[in-house]
Each structure stands twice: as C-alpha cells, then as structure tokens.
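The values are calculated or read from the model by the stated rules, or taken from the named source; none is laboratory data. Keep in mind it's a predicted model, so treat the numbers as computed, not measured. When we count neighbours, we look across all protein chains shown, and the Cβ atoms used for this are built from the backbone with ideal geometry, even at glycine.
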Amino acid sequence: MRIISIANQKGGCGKTTTAINLSSSLALNGRKVLLVDLDPQAHASLGLNVQSQHSIYNVISRIAPRKLSLEQIIVRVQGQFDLAPSNVLSGTLEQELADEIGRELKLTTILSGLKGYDYVIIDCPPNLGFLTINALRASSEVIIPVEASRFSMQGVERLIDIIQLVKDRLNHAIEYRVLVTMFDSRLRHSFDMLEKIRTDFARNLLGTIIHVNVKLKECVANGSTVDAFDKYCRGAKDYYSLAKELITMEKKPAEVSFSPLSTQMKQVVKEKVKDLISTTFSFVAPEAQSVYVAGDFNNWYIDESSRLQKNGDRWQTKFDLKPGVYQYRFIVDGQWQEDPRNPRCIKNIFGDSNSIIEVKA
C-alpha cells in the first residue's frame, strides 16, 4: 500500500484539486484508493459533495463525543474511490494533542491497520502544523504541487526543510516529487518559471504538467471529480496522465539473480537483439522548451529516456523496437498531441487521436 501526502503550505496551488482528481484517476486505472481529508477546512470533502456527521476528528481525538475507527467513517465516492472526510472540528486536534507523547504518530498508527487499499492519498492542511507532520510521518512519498510562480517556489523549499526534519528527528525518510500545476501555456512567464523549476528540482520533478483548465473549477462547484464532470477536458487528461506516471513507479517484484549466461544463451540473446529495429521519432518545434514521446512501446511513461534532444528546429530520439504496430503521442511543453506529420491515427478514450507507427523487419 502506497501512502502519498499532497502538501504545500501555500494556498491556491491546486493541492486539494490534485488530491481529489489524482485519487479518482488512480481508481479509473484499477487501483483501490482511499483519500484522507486531513484539512480542517474540509475542502476535499466539500469538493466531493460529502457532508458527514463523523470525520477524521472522531478517529484521532481522545475526547470526541463518539470515538470511531477509520473504517467507520469511510464514504464511497465512486467505483474504487473512497473518502475519509474531515470537518471543522479537526482544527482542534492541534491544541488537544499538543502535550501528548507520540502525537506525531497518531495517523501512522491509524493507517497501519488499514487493509484492502492500493493507495492512500492524504490531503494536508495548508500549513506545517501537527496534522501535516502526522501526514508526512505516515507517508513514504509526498507530492508538492507548485504553480509556476516565484512565491510558490519559496513554499517548496520550506516544505523540503520540514521533510528533512522529519527524517532527522523521527528517523523517517520520505521521497518527495514536485508537480507543476496551474500551468498557463499562453504566458512566456510560465515557461521561464517551468525552466527554473526543472533546474532546481530536476531529480524530483514529475513529468506530467497540470494545465490551467476551467473545468477543474467547475467540477468542484458541481461536487464532482473532473473525469466524472467532463472526461474529455484537459484537466481530466492531465490527471489521468499523472496517475499513469505514478503507477509506472510502483515497485516491481525483486529481480531473480541468475548465474552467468552460457554460450548458447548468449547466442539466443544476440539473435533477439538483432530483431530490434532502431526507430526514430522526430518533431519540429523550434520554440518548444521540451519534447517527450510516449506510447504503448514504453507503457506511456515519461522520463529522461523518452525525452527528445533538440537539433536546430527539430527534436528527435531513437528507440529499439520489435517489429509491430505502435500507438504514440508527443508531449510538447507538457501538452499531449498527435504527430502532425503522420496521417495514420486512431481515436483514444479522451476523444483525441493517437498516432500510429508500423515498425517493419
């Protein structure tokens, strides 16, 4: 079970929007997901139109009128997506547990007995208080939403300091990843800030970019996830891509250690390698800052191996592929699009088109 906190003490960076729609998209990809609303403002609960009498407060508090287990407060949102709601009473937990020994382990203890979920996503409060520390201590990973602005960058640096403090004081290492949100591709400033974010957090930056999309705001007013509100909109596609990116990071079974290859086996491997065809993907975009290619040949994964290198006005890279037919798309400055020079295409689930390439022996 992967436990991931969504945290940033700066408000308005898309933290709760990310928590809701990432959870929903993971569920669409066949994962069983629990979203824990740990924010006393209960924005995740309100954004899903859930108003429950009982909340995470009843689980953590010692003096709640009715003490409940986590399983007793869980509400089904849709499909394989569940919610542990919050309310304003959660804000009193800071004061109630201020002097209690082991207060930073409360959420860790609660989640330790949870079963049946592939992912637990925690929507943290927009501060670095007791509840956020609890979330960080319970998590193995943290996603930090960052809008393309200078002020948001400062918030990231402060949160990274807290993550390091949790590691030093509580002996708990956390892997953090930065997610660019609310990206406006119409503004030159956005690309300038994106380049700075890539420079500062190159090793911890998620490949997916969440673009500005009015549907992401409208779905909140509707009390719905963006994929249920409009599955063809840009926001739904971005969060679906983010879910796919996280799924590709799931730990694989431990590799089996084999003895050195025999001469016969080496010959077999050599013959198999000969079957691979060097295939070039290219895209003309002189003004682009970055171009990636993703397809069913690399499980639609975006990382440095799928990044195209710029040569003049053209971006290009090579893959060694087996003969066959493959679907693919380019990601230009975070925007997914088909190959404009390739007339062969097929409709995908978002109503867009994937380009098709046939690799022949």
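Things worth noting here:
- Checking F191, F151 one by one, the residue that is surrounded by 12 or more Cβ atoms within 10 Å (Cβ to Cβ), over 21 Å from A138 (Cβ atoms), assigned by TED's automatic domain parsing to the domain that holds A243 and aromatic (F, W, Y) is F191 and no other.
- For segment 1-20, filtering for residues that are in contact with a Gly (Cβ under 7 Å, 6 or more places away or on another chain) and buried (at least 24 other Cβ atoms within 10 Å of the Cβ) leaves 3.
- Within segment 303-328, being assigned to a loop (DSSP other than H, G, I, E, B) and either closer than 21 Å to C345 by Cα or hydrophobic (A, V, I, L, M, F, W, C) (or both) holds for L308, K322, P323.
- I197 vs. criteria in contact with an Asp or Glu (Cβ under 8 Å, 6 or more places away or on another chain) and either under 16 Å from L22 (Cα atoms) or in a helix (DSSP H, G or I) (or both): no
- Index of the failed condition, H172 passing every other in (1) outside any loop (DSSP other than H, G, I, E, B); (2) surrounded by 14 or more Cβ atoms within 10 Å (Cβ to Cβ): (1)
- Meets criteria (at pLDDT 90 or above, part of a loop (DSSP other than H, G, I, E, B), surrounded by 10 or more Cβ atoms within 10 Å (Cβ to Cβ) and under 29 Å from the mean Cα position of the chain (by Cα)) for S224: yes
- Considering only residues in segment 331-355 that are in a strand (DSSP E or B) and under 18 Å from Y292 (Cβ atoms), the one that is modelled with the lowest pLDDT turns out to be Q335.
- Meets criteria (under 30 Å from L105 (Cα atoms) and acidic (D, E)) for E195: no
- Each residue in segment 51-98 was checked for being more than 20 Å from I3 (Cα to Cα), among the β-branched types (V, I, T) and outside any loop (DSSP other than H, G, I, E, B), and 2 of them qualify.
- When V33, V59 are screened for being buried (at least 18 other Cβ atoms within 10 Å of the Cβ), closer than 21 Å to V220 by Cβ, in the same structural domain as A236 (by TED's automatic domain parsing) and at pLDDT 90 or above, only V33 passes.
- Hits in segment 161-173 - residues which are under 20 Å from R2 (Cβ atoms), without any contact (Cβ under 8 Å) to a residue 60 or more places away in the chain and touching a helix residue (DSSP H, G or I) at 6+ places or on another chain (Cβ under 9 Å): I163, V166, H172, A173
- Pair list, Cβ < 7 Å and 6+ apart or interchain, from segment 140-159 residues that are touching a residue at least 40 places away in the same chain (Cβ under 8 Å) and within 10 Å of A7 (Cβ to Cβ) to residues that are assigned to a helix (DSSP H, G or I) and among the hydrophobic types (A, V, I, L, M, F, W, C): V142/L136; V142/I163; I144/V156; I144/L159
- Considering segment 149-169, the residues that are among the polar types (S, T, N, Q) and part of a helix (DSSP H, G or I) include one that is nearest to the chain's Cα centre (by Cα), namely S152.
- Within segment 310-346, if we keep just the residues that are free of Cβ contacts under 8 Å to residues at least 24 places away in the same chain and within 25 Å of the chain's Cα centre (by Cα), the residue that is nearest to G207 (Cα to Cα) turns out to be Q337.
- Selection of segment 305-330 for residues being crowded, with 18+ Cβ neighbours inside 10 Å and at pLDDT 90 or above yields L308, W315, F319, Y326, Q327, Y328, R329, F330.
- Any hit, segment 121-131, residues being free of Cβ contacts under 8 Å to residues at least 60 places away in the same chain, in a helix (DSSP H, G or I) and in contact with a helix residue (DSSP H, G or I) (Cβ under 6 Å, 6 or more places away or on another chain): yes
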